[in-house]
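The values are calculated or read from the model by the stated rules, or taken from the named source; none is laboratory data. Bear in mind that the values here come from a model prediction, so they are computed numbers and not experimental data. Here the Cβ is made from the backbone with ideal geometry for all residues, glycine too, and neighbour counts use every protein chain on show. For accessibility, only protein heavy atoms count, side chains too; no ligands or nucleic acids. Shrake-Rupley method; radii C 1.70, N 1.55, O 1.52, S 1.80 Å.
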Amino acid sequence: MAVKGTTAEVIEAFELTSTGAQGALSPRLFYEIVQQSPLAISITDDKADILYVNPAFENLTGYVNDVIVGKNESILSHKQTPAEVYRELWSTIKDKRSWHGTLVNRRVSGEAYLAELSITPVLGDNGAVAYFLGIHRDVSEMHALEQQLHHQKALIESVLDSAPVIVALLDAERNVILDNQAYKKLLGDLHGREPATLFVDALKQDGVDLKAVCRDSSGFSEREVRLDIAGSLEPRWFSVSGTWVGELDSTAGSYFKEQAPARCCLLLVANEVTVLKRQMEQARMQHLRASLAEQQRAQDMREALSGAIFQLQTPVNVIQAAADMLERGTDINKAREVLAQVLVSGQKAMETLRGALPDEPQEPATSVNLNSLLQDVLTLMTGRFLACGVVIDWCPQAVLSSICARPDQLRSLFMRLVENALLAVAESGKDHRSIRIATRSQSDRVEVLVQDNGPGIPESRRLKVFEPFYTGWNLARGHAGMGLSLVQETVNQHGGVVDVNPASVDGCQIRVTFPVSGRQRALQGSSL
Ligand code: FAD
């Protein structure tokens with residue numbers, strides 16, 4: 001039978017068709033329940049032509065009962081829902097099965113909304129579909145929130161992806177629930193082994209108590225982790241930091257509970273420090289090699305000097321014998337013979353001593369930035385400056401051309417010059433002691449100036465100071481006067497020039513000039 005939309009007609013229809021199977025519940029009660037339901041309910045015939053809508057339907061769609069009854073449900077279609085969805089909807093309900101899904105609907109005002117719809121076929125006595133029951137609600141707001149959440153997650157992921165660090169968020173079971181591109185790349189490098197698991201294992205071995213991190217809502221920072229990767233000889237190093245993050249309990253059981261962090265998530269942030277680590281390792285090995293070589297050299301020297309002392313003993317003994325003979329008035333020819341023996345054994349001892357002189361170290365020439373080299377010197381001598389109460393005025397040129405040089409030789413050269421400057425300011429007795437070190441590029445040359453406010457060097461001695469074994473210090477003892485002579489030798493080997501600047505007025509200014517790389521190589525050929 002046909003059911004029409006007025007209240008009396010619908011109740012009458014129900015009363016006529018009721019079998020009384022509902023027991024005590026009257027058709028009117030059923031009707032009132034549908035009428036007062038907050039969900040939009042419609043009843044259609046088997047072609048979706050509307051027979052009845054409840055007030056919630058009217059409120060949601062804007063269509064009043066009188067207008068919509070007799071119209072097809074397609075009146076609600078916004079034409080944004082793909083035809084495929086309707087095809088699937090109809091094939092389901094025609095098959096006497098319920099359909100659930102989401103459609104884009106249109107209110108009477110033309111405004112679109114998202115309808116979460118359930119359609120249930122109602123079968124007639126003959127077992128064929130007689131009516132359809134449609135129940136729907138507006139889920140536009142929920143969809144907007146979901147989209148917002150989705151966009152926010154995408155935004156967070158893109159920010160994390162652009163970060164040059166490895167990031168992974170682990171849940172309480174240590175499963176990765178969020179990561180970034182750098183993490184995924186490492187995962188690939190590790191042939192699918194989860195980096196987070198390896199980090200956590202390594203941190204545990206290193207004594208990091210991850211349970212305590214959760215318990216105290218704390219974290220840890222910059223713990224070094226080494227990963228050995230199958231198929232690669234070189235280990236990789238990471239500096240790993242971790243922060244506790246509380247995950248809110250979103251299970252149904254916690255719905256009415258206070259929103260307190262229930263589970264501990266761990267945010268791992270790792271920086272790869274392999275390159276730095278390798279550099280440090282290389283530096284350590286170099287230092288070890290240098291110190292072993294130094295020990296070896298000292299030992300060789302001790303052996304050679306012991307041999308020379310032993311050999312010098314012979315001429316000393318013979319001299320003693322000759323002196324005794326002369327004292328006793330022995331024949332002069334005999335004494336001459338003894339002296340000849342002294343000469344021979346003395347020369348032999350000299351040869352042994354010469355042989356003991358260590359070889360000049362064969363340091364390779366390389367491109368050197370004098371600013372950086374001088375900074376090394378200043379760092380190495382900081383303790384001396386503090387002990388002498390000297391103020392250092394460091395004036396490097398901002399961008400300095402490189403030179404081709406043997407860096408260790410130049411380091412000891414400038415250490416000698418700065419050491420001299422320290423002795424000079426000590427000699428002056430002035431309260432204010434200062435040393436100024438400056439660098440500057442001059443066309444195809446690079447110049448270093450070491451200026452002190454000591455007594456200075458008079459014009460008559462400006463060349464002499466570079467001669468071997470010349471020393472003019474009044475206070476400093478134990479200096480053989482070889483410093484500036486060695487400085488000049490090193491500067492010459494580098495194709496440079498060193499002099500005492502005659503224009504310097506207060507104290508002494510030593511000027512060292514080197515040709516810049518290309519020109520210097522041309523000048524020096526294979527010597528550098
Ligand atoms: P139509 O030309 O009406 O149909 C598009 C396609 O749907 C057809 O190509 C065909 O595959 C299928 N189809 C349509 N009618 C039939 C039919 N009688 N038998 C078999 N297949 C058919 N649509 C909404 O957009 N919003 C709603 O809220 C909504 N609620 C509904 C509630 C109920 C109880 C029922 C039974 C249907 C409801 N529909 C709803 C579906 C609606 O009837 C239309 O099918 C749909 O809106 C598409 O309409 P259209 O004018 O764009 O295309």
Q: Would you mind telling me which numbered condition in (1) surrounded by 13 or more Cβ atoms within 10 Å (Cβ to Cβ); (2) over 30 Å from Leu190 (Cα atoms) Glu157 fails?
A: (2)
Q.
I want to confirm something. Restricting to the range 185-219 and keeping residues that are surrounded by fewer than 17 Cβ atoms within 10 Å (Cβ to Cβ) and in contact with an Asp or Glu (Cβ under 9 Å, 6 or more places away or on another chain), which single residue is nearest to Arg236 (Cα to Cα)?
A. Asp206
Q | Tally of residues being open to solvent by 70 Å² or more (accessible area, probe 1.4 Å), closer than 25 Å to Glu58 by Cα and near the ligand (Cβ under 9 Å from one of its atoms) across the range 79-131 | A | 3
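Looking at this structure, is Leu475 modelled with pLDDT under 80, on the phi < 0 side of the Ramachandran plot and touching a Gly at 6+ places or on another chain (Cβ under 6 Å)?
Values: modelled with pLDDT under 80: yes; on the phi < 0 side of the Ramachandran plot: yes; touching a Gly at 6+ places or on another chain (Cβ under 6 Å): no.
When the stated conditions are applied, Leu475 does not pass them.
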**Q.** Hits in the range 220-230 (condition: in contact (Cβ under 8 Å) with a residue 24 or more places away in the chain and open to solvent by 50 Å² or more (accessible area, probe 1.4 Å))
**A.** Glu224, Arg226, Ala230
Q. Are any residues in the range 479-510 over 13 Å from Phe466 (Cα atoms) and at pLDDT 90 or above, and if so, which ones?
A. Gln493, His494, Gly495, Gly496, Asn501, Pro502, Gly507, Cys508, Gln509
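Is it fair to say Leu60 is modelled with pLDDT of 95 or more and outside any loop (DSSP other than H, G, I, E, B)?
Numbers: modelled with pLDDT of 95 or more: yes; outside any loop (DSSP other than H, G, I, E, B): yes.
Against the criterion (modelled with pLDDT of 95 or more and outside any loop (DSSP other than H, G, I, E, B)), Leu60 qualifies.
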Q.
Looking at the range 281-300, I want the residues that are more than 30 Å from Arg236 (Cα to Cα) and have a partner that is open to solvent by 100 Å² or more (accessible area, probe 1.4 Å) with Cβ atoms under 6 Å, at least 6 apart or on another chain. Which pairs are those?
A. none
Q.
Are there strands (runs of 3 or more DSSP E) fully within the range 96-208 with at least 3 residues that are within 52 Å of the chain's Cα centre (by Cα) and not charged (D, E, K, R)? List them.
A. 99-106, 112-123, 166-170, 176-179
(Q) Taking the conditions exactly as written (within 37 Å of the chain's Cα centre (by Cα) and either farther than 28 Å from Glu294 by Cβ or of a type in the set (A, V, I, L, M) (or both)), does Ile435 satisfy them or not? (A) no
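Quick check: anything in the range 354-369 acidic (Asp, Glu) and open to solvent by less than 40 Å² (accessible area, probe 1.4 Å)?
As a first pass, look at the range 354-369 and keep what is acidic (Asp, Glu): 359-360, 363.
Subsequent filtering for residues that are open to solvent by less than 40 Å² (accessible area, probe 1.4 Å) retains 363.
Yes, that holds for at least one residue.
Residue under question is Asn59, and the condition is that it be within 30 Å of Asn126 (Cα to Cα) and away from the ligand (no atom under 11 Å from the Cβ); does it hold?
Details: within 30 Å of Asn126 (Cα to Cα): no; away from the ligand (no atom under 11 Å from the Cβ): yes.
The answer is no for Asn59.
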